[in-house]
1. Test Leu47 against the stated conditions and say whether it is surrounded by 13 or more Cβ atoms within 10 Å (Cβ to Cβ), in contact (Cβ under 8 Å) with a residue 24 or more places away in the chain and touching a strand residue (DSSP E or B) at 6+ places or on another chain (Cβ under 9 Å).
2. Looking at segment 19-53 only, could you name the residues that are closer than 16 Å to Asp69 by Cα and not hydrophobic (A, V, I, L, M, F, W, C)?
3. Any idea how many residues of segment 55-82 are part of a helix (DSSP H, G or I), in contact (Cβ under 8 Å) with a residue 24 or more places away in the chain and farther than 16 Å from Pro30 by Cα?
4. Could you run through segment 2-33 and say how many residues are without any contact (Cβ under 8 Å) to a residue 12 or more places away in the chain and among the polar types (S, T, N, Q)?
5. Given the criterion open to solvent by less than 50 Å² (accessible area, probe 1.4 Å) and either among the basic types (Lys, Arg) or out of contact with any Gly (no Cβ under 9 Å at 6 or more places or on another chain) (or both), identify the matching residue among Ala74, Ala3, Ala20, Ala54.
Amino acid sequence: MSAPPEVVFSTATDPDRTAAWLPGGVDTAPEPGNLTVRLTGAADGLLSVRPGDAGGSSVELEVGGPDPDDLLRALAREVEDNFNAG
């Protein structure tokens, strides 16, 4: 993603934005000390955000149930909206 890791992480864990990229019944639980988010509930999984090229981010999503590619596309839209709004 073209946004810094901190923006991706804050967007992924923002309660006002999670409904736009996660299916209902899935909660996020950030892990202290790193840019990792546990997904629990209707779909269990793990989202990891790392620094990427040119100030962007590398994002990895492992999830049971929904298509991870669809979820990452939805997250990327939310990140773009969040990054461009600020």
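The values are calculated or read from the model by the stated rules, or taken from the named source; none is laboratory data. Everything numeric in this text was worked out from a predicted model, so none of it was measured. Positions of Cβ are generated from backbone atoms using ideal geometry, with glycine treated the same way; all protein chains shown enter the neighbour counts. The protein model used for the area step is the full one, side chains on, heavy atoms only, and it has no ligands, DNA or RNA in it. Shrake-Rupley method; radii C 1.70, N 1.55, O 1.52, S 1.80 Å.
1. Details: surrounded by 13 or more Cβ atoms within 10 Å (Cβ to Cβ): yes; in contact (Cβ under 8 Å) with a residue 24 or more places away in the chain: yes; touching a strand residue (DSSP E or B) at 6+ places or on another chain (Cβ under 9 Å): yes.
Yes: the conditions hold for Leu47.
2. Start the filter on segment 19-53 by keeping residues that are closer than 16 Å to Asp69 by Cα, which leaves 20-23, 39, 43-49.
The answer is Pro23, Asp44, Gly45, Ser48.
3. 9
4. Qualifying residue count for the region: 1.
5. Numbers: Ala3 fails: either among the basic types (Lys, Arg) or out of contact with any Gly (no Cβ under 9 Å at 6 or more places or on another chain) (or both); Ala20 fails: open to solvent by less than 50 Å² (accessible area, probe 1.4 Å); Ala54 fails: open to solvent by less than 50 Å² (accessible area, probe 1.4 Å).
Just a single option satisfies the conditions, and that option is Ala74.
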